[in-house]
Each structure stands twice: as C-alpha cells, then as structure tokens.
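K.L.:
Let me give you the structure first, and then I'll get to my questions.
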Amino acid sequence: MAGVMTALPGERKRVCYFFDSDIANHHYGSGHPMKPHRIKMTHSLTMNYGLYKRMEIFRAKPATRKEMAQFHTDEYVELLARITPDNMEAYAREQAKFNVGDDCPVFDGLFEYCSISAGGSMEGAARLSRDKCDIAINWAGGLHHAKKAEASGFCYINDIVLGILELLRYHSRVLYVDIDVHHGDGVEEAFYTTDRVMTCSFHKFGEFFPGTGELRDIGHGKGKHYSVNFPLRDGITDENYRSVFEPVISKIMEFYRPSAVVLQCGSDSLSGDRLGSFNLSMRGHANCVSFIKSFGLPLLLLGGGGYTIRNVSRAWAYETGLAAGMELGSEIPMNEYYEYFGPTYRLDVPATNMEDLNTREYLEKIKAQVFENLRHTAHAPSVQSHSTPTMPIDLDDDVDEDLDDPEERKPQRLMDAMVEKDNEFEDSDDEGQGVGPRKDRQSHANGDSNGKPSTTPAPVPATEAVPSMPTEQDGPAEAQADTSVAMADA
Ligand SMILES: [Zn+2]
C-alpha cells in the first residue's frame, strides 16, 4: 500500500534530497538518545509515500578532512579521523581537550558518520549555489553544537557552518534559522563577528543545554545585531510559536534581505520529545518550513536534534513533502519500520495539554526587543551579488566550476533508495513513551547546562580590535575583508 499524498498549490520547486544509507550503521552506544537510525526511518517514510517521484535523490560524496578543516582545526579533525573504541585510551589527553567522550562518545565509524553528515550539507549548498535546485534537504545534517575545536551536544563536525561557507562563496548574505529546542550555539559562534550571516535561533532557555542564547547576545564587532536569539520557556504551543516565528522572520527578511536561507529543523522541539520540553505538533513545527519556503529563496533544509525517533521521522517526512509541494496523507504507508508507528499508524504528532509557560506578555516583550535590535540592521550589508568572497582556505575546485571535473563536489544519484529491507529494530528498546530510561545519563541528555556561562562572548578575532556597527552600504571590498577575518578566527 503506497502512501497517499496530494499536491499543494503554488509553484513547484526543484528539490535535491541527500541520503546515505550508511548513516544508519552508526551507533552512539546503548542508551544514548541520539540515534542515526532515525534518518533511515525518515527516508523509508518519504520513499513509501512516493516522494522519490517529486525530487532528485542523491548520495553525497563524504566530506574530506580538508573540507572539514575549512572550519575546524586540523588537530581536531585529525583526532576524529584516528580515534576508535580500540585505541581511544591512547588519546585521553586529546579527548579531554576536544570534549570527545561522554555526550559525544567514540564509536566505530565516527569519522565516516561525520563525513556523511557534512558531505550532504556541503553538496546541498553547492547545488543550491549553482542553481541546480531550489531546495536541498539533508536530514543527516544540522549538527549545530559542534565547535571549531570541540565536540558538543552529540555533534562533532558542524556541517551547517561548512554548508554556509559554501553558500557564502556565491551569496552576499545568508540567513540561518534554528528551530531545534536547543540554542544553535556552534553556528552562532562561528559567525558571531560577521554581517555576512545572520543567525536566528528559537530555543528553550534557562537551566537547559547548552546554556547560551540569551536575548542580549546579538553579535559582536561587525556582526553586532546579526545574531538573533529568541529564548523560550517550556510548553510552547503551535499558536504561540507561530505568533513570534512569523513576525520575526518577516522582519529579518525585510531588513536583512538574505539571498539564501539555511533552516535547521531540529525536531526535539516537537511535543513528547525525549529531551525537549516544547509542545509543538508536527504541523506547528512544519509551519516553520512552509513559512520559510514561502519567501522563495534558495533553501537548505537540515536535520538536528530529535530523540523520540518515531516522531522525528514523521515530522521530517512531512516536511520533505512540503518542500516537494506535497501534503502527505495521515495514513502511514506500509514500510519496514511500520511497527514503530503504532498504535495509531498515523502521520500526525499531536500536541498535549501541557502548560505553556510562555505568556503573551512574555512573548510580546521579547519580540519587541528583537525588533528593536533588528532595526539596526536596516540596509543590509550590500556585497555585490556577483562578488565571490575570499575564503580562508581554497576548496579543491575552482570557482568557475566545471561539473565534469572529477575533483568537483558532485553528488551521485542514489540507486538503492527503494531497496532497503534490513529490518533494523535494535533501536526500539528505548522508543517507549517518549521518556527514555536513562534520561539522567548525560549533561545534554538531562537538559542541564554544561556549566558554560551564557554570557561568554564568542571568540573575537584579534585583528578586529574596534567593535563597530556595520555601516550602511558597505562596499564589496570591505565585506570581503570582513569575511576572511570572521572565517579565519570565528
Ligand atoms: Zn537539540
């Protein structure tokens, strides 16, 4: 029985969807809430609904060490490439230095896992930049906590930063929006001192990982006012989320005028998440995708958190449908994970009656302050759209790319999309009622801040001594110089 879907009104978008079935072969370890397997469940749903008819499906070339080192330090990438469960004892010092272990464990194939995640986001960005598609999707990406030289919050390599760097080669201004329940700290930090990227995160704030993302954290130096944080309380409903998300995004579009958008669709903001504490239904979450899509800009859709995996796959499949202009029917089609979706076997993730601690007054107050901050970004930095920013490290490929170049980042069409029948149910042990048995196992897992003070500013490049407001109508040369500063030392 194939799934039912109906075409939505509106112009049809060209969608590139990245999936590598090898992602599901990686395990963070028994009891760890992060389950790469959820990507394959999502894929199974999308394929069985028939979405392969509406989009191009690719397996990305895994990201190389050199590519990762465009953002991360060589030493950190090297550790990820070398360390295994068998040799990890020899790397005790490096593990402590780079925060590898505990929340971010060493597991077999760790580097391959990072390569798949990052490769999809980079290739998605590359195809968007080259106008090969309108929307690129990589559910294995969105790992927003990873830092330049530090693993954090289940994330090792920041595929989002790498994808945005790729977009910045062609786009003057990139907007990053993060709807994960956790603050998008790694991406914010990477672009904290540049006006070429605006980051905007809606997240739970207060006694919650990672502890950053205060309203008053707005960027620094040339990046001042180009970081937007909307701190939220537990239990936010669809209606209340929408009442702040849509006006804030509209205001950003109006003032900042980005030419490309990256949306991190962390689904731990869904109701019933094992780690999150929001109350968004699948439709409330997906409204963010529809709304962002409605602006018609090149869009990179990425995954992120999401720990009640039957709901993660529901939401991301539904959102894949929206990207492809299709509304998926509520009856879940037969697929190899069908039993995960009982007892309802419906696509919906309903909200509950939990209390919403976000009052109207609170939301209005925060929104007003965000608007006030955004006013300073009026007249977005005007890098001429044809200028190509200087990157700190050259990519292998030329800017005047030739897609026949064997070195070019070029996706392979995925041939095995429909033939995955290996019945992996080993992750079902803690897929109970949304609250795992080891909720208190880890700092990220139990929702505690890891002690990092929320007021810690992102590292400021030494070369940028004088914090200054971005001037109106910055010329291309200045914008280029700023980019290399921000990228080199973000
Ligand atoms: Zn999260």
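The values are calculated or read from the model by the stated rules, or taken from the named source; none is laboratory data. Keep in mind the model is a prediction, meaning the values are calculated, not measured. For neighbour counting, all protein chains shown are included, and Cβ atoms are generated from backbone atoms with ideal geometry for every residue, glycine included.
K.L.:
Which members of the stretch 185-199 meet the condition of being within 16 Å of the ligand (Cβ to nearest atom), in contact with a helix residue (DSSP H, G or I) (Cβ under 8 Å, 6 or more places away or on another chain) and in contact (Cβ under 8 Å) with a residue 60 or more places away in the chain?
P.N.:
V187
K.L.:
Of these, I160, I164, which one is within 16 Å of the ligand (Cβ to nearest atom) and in a helix (DSSP H, G or I)?
P.N.:
Result of the check over I160, I164: I160.
K.L.:
Would you point out which residue out of G306, G321 is outside any strand (DSSP E or B) and either more than 24 Å from K53 (Cα to Cα) or without any contact (Cβ under 8 Å) to a residue 12 or more places away in the chain (or both)? So that I can check it myself, show each step before the final result.
P.N.:
Details: G321 fails: either more than 24 Å from K53 (Cα to Cα) or without any contact (Cβ under 8 Å) to a residue 12 or more places away in the chain (or both).
Being outside any strand (DSSP E or B) and either more than 24 Å from K53 (Cα to Cα) or without any contact (Cβ under 8 Å) to a residue 12 or more places away in the chain (or both) holds for just one of G306, G321, which is G306.
For every residue, the table says whether it meets (1) assigned to a loop (DSSP other than H, G, I, E, B); (2) of a type outside the set (D, E, K, R); (3) closer than 26 Å to H37 by Cβ; (4) at pLDDT below 95.
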site	(1), (2), (3), (4)
P62	yes, yes, yes, no
E78	no, no, no, no
P85	yes, yes, yes, no
A90	no, yes, no, no
Q95	no, yes, yes, no
E112	no, no, yes, no
S121	no, yes, yes, no
L128	no, yes, no, no
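K.L.:
Residue under question is I116, and the condition is that it be touching a Pro at 6+ places or on another chain (Cβ under 6 Å) and among the hydrophobic types (A, V, I, L, M, F, W, C); does it hold? Talk me through it step by step, then tell me what you get.
P.N.:
Working: touching a Pro at 6+ places or on another chain (Cβ under 6 Å): yes; among the hydrophobic types (A, V, I, L, M, F, W, C): yes.
For I116, the condition - touching a Pro at 6+ places or on another chain (Cβ under 6 Å) and among the hydrophobic types (A, V, I, L, M, F, W, C) - is met.
K.L.:
Taking the criterion of being among the β-branched types (V, I, T) and under 26 Å from D180 (Cα atoms), would at least one residue in the stretch 3-13 satisfy it?
P.N.:
no
K.L.:
Any idea which of S290, S294 is surrounded by fewer than 24 Cβ atoms within 10 Å (Cβ to Cβ), free of Cβ contacts under 8 Å to residues at least 40 places away in the same chain, touching a helix residue (DSSP H, G or I) at 6+ places or on another chain (Cβ under 6 Å) and not basic (K, R)? Spell out how you get there, then give the answer.
P.N.:
Values: S294 fails: touching a helix residue (DSSP H, G or I) at 6+ places or on another chain (Cβ under 6 Å).
Of S290, S294, the one residue that is surrounded by fewer than 24 Cβ atoms within 10 Å (Cβ to Cβ), free of Cβ contacts under 8 Å to residues at least 40 places away in the same chain, touching a helix residue (DSSP H, G or I) at 6+ places or on another chain (Cβ under 6 Å) and not basic (K, R) is S290.
K.L.:
Does the stretch 93-102 include one or more residues that are over 19 Å from the mean Cα position of the chain (by Cα), crowded, with 17+ Cβ neighbours inside 10 Å and of a type in the set (A, V, I, L, M, F, W, C)?
P.N.:
So far as the stretch 93-102 goes, yes, one or more of its residues are over 19 Å from the mean Cα position of the chain (by Cα), crowded, with 17+ Cβ neighbours inside 10 Å and of a type in the set (A, V, I, L, M, F, W, C).
K.L.:
Determine which single condition A323 fails, assuming it passes every other condition in (1) within 12 Å of the ligand (Cβ to nearest atom); (2) over 14 Å from D180 (Cα atoms); (3) not acidic (D, E).
P.N.:
(1)
K.L.:
While we're here: Only one of (1) surrounded by 15 or more Cβ atoms within 10 Å (Cβ to Cβ); (2) part of a loop (DSSP other than H, G, I, E, B); (3) without any contact (Cβ under 8 Å) to a residue 60 or more places away in the chain is not met by H72, so which one is it?
P.N.:
Among (1) surrounded by 15 or more Cβ atoms within 10 Å (Cβ to Cβ); (2) part of a loop (DSSP other than H, G, I, E, B); (3) without any contact (Cβ under 8 Å) to a residue 60 or more places away in the chain, H72 violates only (3).
K.L.:
How many residues, within the stretch 167-187, are in a helix (DSSP H, G or I) and under 12 Å from the mean Cα position of the chain (by Cα)? Give the derivation first.
P.N.:
Step one: list which residues in the stretch 167-187 are in a helix (DSSP H, G or I), which gives 167-168, 185-187.
From what is left, the residues that are under 12 Å from the mean Cα position of the chain (by Cα) are 185-187.
Total satisfying the criteria: 3.
K.L.:
For the stretch 211-232, give me each residue that is on the phi < 0 side of the Ramachandran plot, away from the ligand (no atom under 16 Å from the Cβ) and not in a strand (DSSP E or B).
P.N.:
Let us first name the residues in the stretch 211-232 that are on the phi < 0 side of the Ramachandran plot, namely 212, 214-218, 220, 222-224, 226-232.
Okay, now just the ones that are also away from the ligand (no atom under 16 Å from the Cβ), so 214-218, 220, 222-224, 226-228.
Across the stretch 211-232, the qualifying residues are E214, L215, R216, D217, I218, H220, K222, G223, K224, Y226.
K.L.:
Also: Among the residues of the stretch 226-263, how many are surrounded by 24 or more Cβ atoms within 10 Å (Cβ to Cβ) and among the polar types (S, T, N, Q)?
P.N.:
Total satisfying the criteria: 2.
K.L.:
Y241 versus (1) aromatic (F, W, Y); (2) closer than 24 Å to Y17 by Cβ; (3) within 19 Å of the chain's Cα centre (by Cα): which is the lone unmet condition?
P.N.:
(2)
K.L.:
Got a number for residues in the stretch 235-276 being within 16 Å of the ligand (Cβ to nearest atom), part of a helix (DSSP H, G or I) and among the small types (G, A, S)?
P.N.:
Adding up the residues that qualify gives 2.
K.L.:
Out of (1) within 24 Å of S290 (Cα to Cα); (2) within 13 Å of the ligand (Cβ to nearest atom), the odd one out for F208 is which?
P.N.:
So F208 meets the others, but not (1).
K.L.:
Conditions first: (1) touching a strand residue (DSSP E or B) at 6+ places or on another chain (Cβ under 7 Å); (2) basic (K, R); (3) outside any loop (DSSP other than H, G, I, E, B). K13 passes all but one, so which condition is the exception?
P.N.:
(3)
K.L.:
A further question on this structure: All but one of (1) assigned to a loop (DSSP other than H, G, I, E, B); (2) at pLDDT 95 or above; (3) out of contact with any strand residue (DSSP E or B) (no Cβ under 6 Å at 6 or more places or on another chain) hold for F371; state the number of the condition that does not hold.
P.N.:
Among (1) assigned to a loop (DSSP other than H, G, I, E, B); (2) at pLDDT 95 or above; (3) out of contact with any strand residue (DSSP E or B) (no Cβ under 6 Å at 6 or more places or on another chain), F371 violates only (1).
K.L.:
Identify the residue in the stretch 277-287 that is outside any loop (DSSP other than H, G, I, E, B) and away from the ligand (no atom under 14 Å from the Cβ) and, among all such residues, is surrounded by the fewest Cβ atoms within 10 Å (Cβ to Cβ). Full working, then the answer.
P.N.:
First, the residues of the stretch 277-287 that are outside any loop (DSSP other than H, G, I, E, B): 280, 282-287.
Going one step further and asking which of them are away from the ligand (no atom under 14 Å from the Cβ), we end up with 282-284, 286-287.
Numbers: M282: 24, R283: 15, G284: 24, A286: 24, N287: 20.
Per the criteria, the residue is R283.
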